[in-house]
Amino acid sequence: MQINFSELAMPNTGCCVIFVNKDLEFNGLAASVNQQMNSDLKTIFETAKFSGGKGATLEILAPNGLNFDRLLVVGLGDKDLNDQDNVELGASVVAKMLHSGSSEVFVAADFIEANATLIAEGALLRSYRFDKYRTKEPDSKKPSLKNITILTNDAETVSDKFAERSKVVDGVFFTRDLVSEPGNVLYPESFADRIRELSDLGVEVDVLGEAEMEKLGMGSLLCVGIGSDRESQLAVMRWNGGNEGDAPIAFIGKGVTFDTGGISLKPGPGMEQMKWDMGGAGTVVGLMKALAGRKAKANIVAVVGLVENMPSGGATRPGDVVTSMSGQTIEVLNTDAEGRLVLADALWYCQETYKPKFMIDLATLTGAMIISLGHEYAGIFSDSDELSSQLYDAGIETGDKVWRLPIHENYDKLINCDVADMKNIGGRGAGSITAAQFLKRFTNDVPWVHIDIAGTVWSEKDLPMSEKGGTGHGVRLLDRFVADNYEG
Ligand code: BES
Ligand code: MN
Ligand code: ZN
């Protein structure tokens, strides 16, 4: 689907979208549509019980007196709209029209020009589809919508502003692509190849293999991939858009390209979902694409640990003890608690090598996260009130919502161990928190936030901004977090 921008004119084909507020008032082009129509829109609204509520839509086919073939009226509600509300308006137009039969949609954004860019961003976000493996899908099942034209009084300015936003959407799409790929296609080395593509945007990419990681002493990360035929990788990305010499901001991602659980094997039903256990890394990589694409004025470093967790004759056993790069030893009591083992060495390596201002890690770390917050909010765990509130605010403006959960020394004690410095699981309770406490032991007291995205990476149902499947949740969140707090 293409997004275009054009000066204001009455469309004479396709679908025309107009916005109406809670008082059912029209402005600009919408008012002209209302005038030219041979039937009274207000009567139609009454018949359809359409009250102009936020995001409500009403479709009118073959409107009498007009040349286009359908009219879509979208409600604005009666409250001030924030950025995300506007993005969702654009997304709702696409959700409604994608399979409607119309191929051309014209959106009258004249009286909400300031928000036209956001509406376009939402429209583009909602148009994503991962259909590369559907070779026999009939045309009738494919989206009919081909072009969205945003009509404004200043198409050039809006189009320029959108050019930057579309780079962020590119990042979201990259993340969705990565989490959608099956484990036989996306494994540590092929994932690293996808990351190398970012060098076209000016991102410096380095990839370490198993031999280099062994030299660094990454026994924790390596023990996860040891049962797999695929070689583990650690990929580092750097974007230097800020002042030379300024300490970077760091993002770290869990990239388990498939999580069988290892010897602590997961149950069969639903195991296919564990192809998106690389969602943390996928989000970090999409974020780097967004930041580099729009040339963010900040120094960023990203580290992702890429491994496959498989059972085999060489796999790590429950009870094995490994030594992490930090020197701390870990008793692996459950090989299915592998994400924290990967992040332990990735976090330590990151702070030691790049001396970042702070670190933010993302991971599909615990099933317990879905029990506590479901699929609405991602959980954040942090020792920094400032970073937590900056992330919360960015969540409100992007719809990638986050909610803070506690960490505390008493939770930390739950991973103490008689055999080694720590064990890789806590008790029955507070599973997401004890996982976070484990990570904290590898931050070396650098300010840090852990975001557990187990519930938000993937959706089994259509959402406002995405079809069911990979959501890209976190890319726009962190792009906004950087833009609002760490640029210029
Ligand atoms: N990748 C899983 C967490 C997960 C489960 C994410 C379901 C999304 C959906 C993680 O590696 C895992 O298996 N965690 C275990 C930890 C437990 C053994 C302490 C879990 O949550 O059950
Ligand atoms: Mn696991
Ligand atoms: Zn996992």
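A few remarks follow.
- 18 Å tail of the calculated P(r), the stretch 306-453, as % of Cα pairs: 58
- Relative to the 2.2 N^0.38 Å rule of thumb, the stretch 278-344 has a C-alpha radius of gyration ratio of 1.48.
- Approximate spin-label separation Q273-K297, in nm, with each point projected 7 Å along Cα-to-Cβ: 4.3
- Paramagnetic reach from S51 (point 7 Å along Cα→Cβ, amide N under 17 Å) across the stretch 75-92: 75-80
- Whole-Hz ³J(HN,Hα) from phi, Karplus 6.51 cos²θ - 1.76 cosθ + 1.60, for the stretch 459-470, glycine and proline x: 10, 7, 9, 4, 10, x, 9, 8, 6, 4, x, x
- Taking a ≥ b ≥ c as the square roots of the eigenvalues of the Cα gyration tensor, the stretch 238-289 is prolate, since a/c reaches 1.5 or more and a/b is larger than b/c.
- Restricting attention to the chain, close to 40% of DSSP beta bridges with both partner residues there are antiparallel.
- R0 of 25 Å, Cβ-Cβ distance E7-K146: FRET efficiency to nearest 0.05: 0.75
- Site pair I396 and A114 shows an inter-label distance of 1.7 nm when each label is modelled 7 Å from Cα along Cα→Cβ.
- A211/K468 FRET efficiency (R0 41 Å; Cβ-Cβ; nearest 0.05): 0.50
- Kirkwood radius, the stretch 1-102, all distinct C-alpha pairs, inverse of mean reciprocal distance: 14.2 Å.
- The stretch 1-42: projected area of the alpha-carbon convex hull, averaged over directions, in nm²: 4.0
- Calculated on the alpha-carbon coordinates, the convex hull of the chain measures out at 150 cubic angstrom per residue.
- For the stretch 207-214, backbone phi angles converted through the Karplus equation (6.51, -1.76, 1.60; θ = phi - 60°) give residue-by-residue couplings of 10, 9, x, 5, 5, 5, 5, 5 Hz, Gly and Pro being listed as x.
- Segments 315-323, 145-153, 335-343, 407-415 sorted - mean Cβ within 10 Å per residue, highest first: 335-343, 145-153, 315-323, 407-415
- Listed residue pairs exceeding 32 Å between alpha carbons, taken from K146/K266; K215/K254; K161/K275; K132/K254; K96/K161: K146/K266; K161/K275
- Given their separation in residues at 0.36 nm each and the Cα-Cα distance between them, N243 and N485 gain 85.6 nm when the chain is fully extended.
- Looking at the stretch 353-488, the accessible area is 42 square angstrom per residue; that uses a 1.4 Å probe and ignores ligands, DNA and RNA.
- Prolate/oblate/rounded call for the stretch 41-88, Cα gyration tensor, a/c under 1.5 rounded: oblate
- Altogether, the Stokes-Einstein calculation at 10 °C and 1.306 mPa s, with the Kirkwood radius of the stretch 366-411 over Cα pairs as Rh, returns a diffusion coefficient of 140 µm²/s.
- Net charge in the neighbourhood of A454 (other residues with Cβ under 12 Å of its Cβ; Lys, Arg +1, Asp, Glu -1) is -2.
- Isotropic mean projected area of the C-alpha convex hull, the stretch 104-153 (nm²): 4.0
- For the stretch 322-381, convex hull of alpha carbons as volume per residue, Å³: 97
- Cα gyration tensor category, rounded, prolate or oblate, for the stretch 395-475 with a/c compared to 1.5: prolate
- Mean silhouette area of the stretch 216-367, derived from the convex hull of its C-alpha atoms and averaged over all directions, reads 9.1 nm².
- Descending semi-axes in Å of the stretch 79-218, equivalent ellipsoid built from Cα gyration tensor: 36, 22, 12
- Segment H408-N21, extension gain: residue separation times 0.36 nm, minus the distance between their alpha carbons: 134.6 nm
- Segment E189-S32, extension gain: residue separation times 0.36 nm, minus the distance between their alpha carbons: 50.8 nm
The values are calculated or read from the model by the stated rules, or taken from the named source; none is laboratory data. In this text, all values refer to a predicted model and were calculated from it rather than measured experimentally. Every residue, glycine among them, receives a Cβ derived from its backbone with ideal geometry; neighbour counts consider all protein chains shown. These area figures cover heavy atoms from the full protein model, side chains too; ligands, DNA and RNA do not enter into them. Shrake-Rupley method; radii C 1.70, N 1.55, O 1.52, S 1.80 Å.
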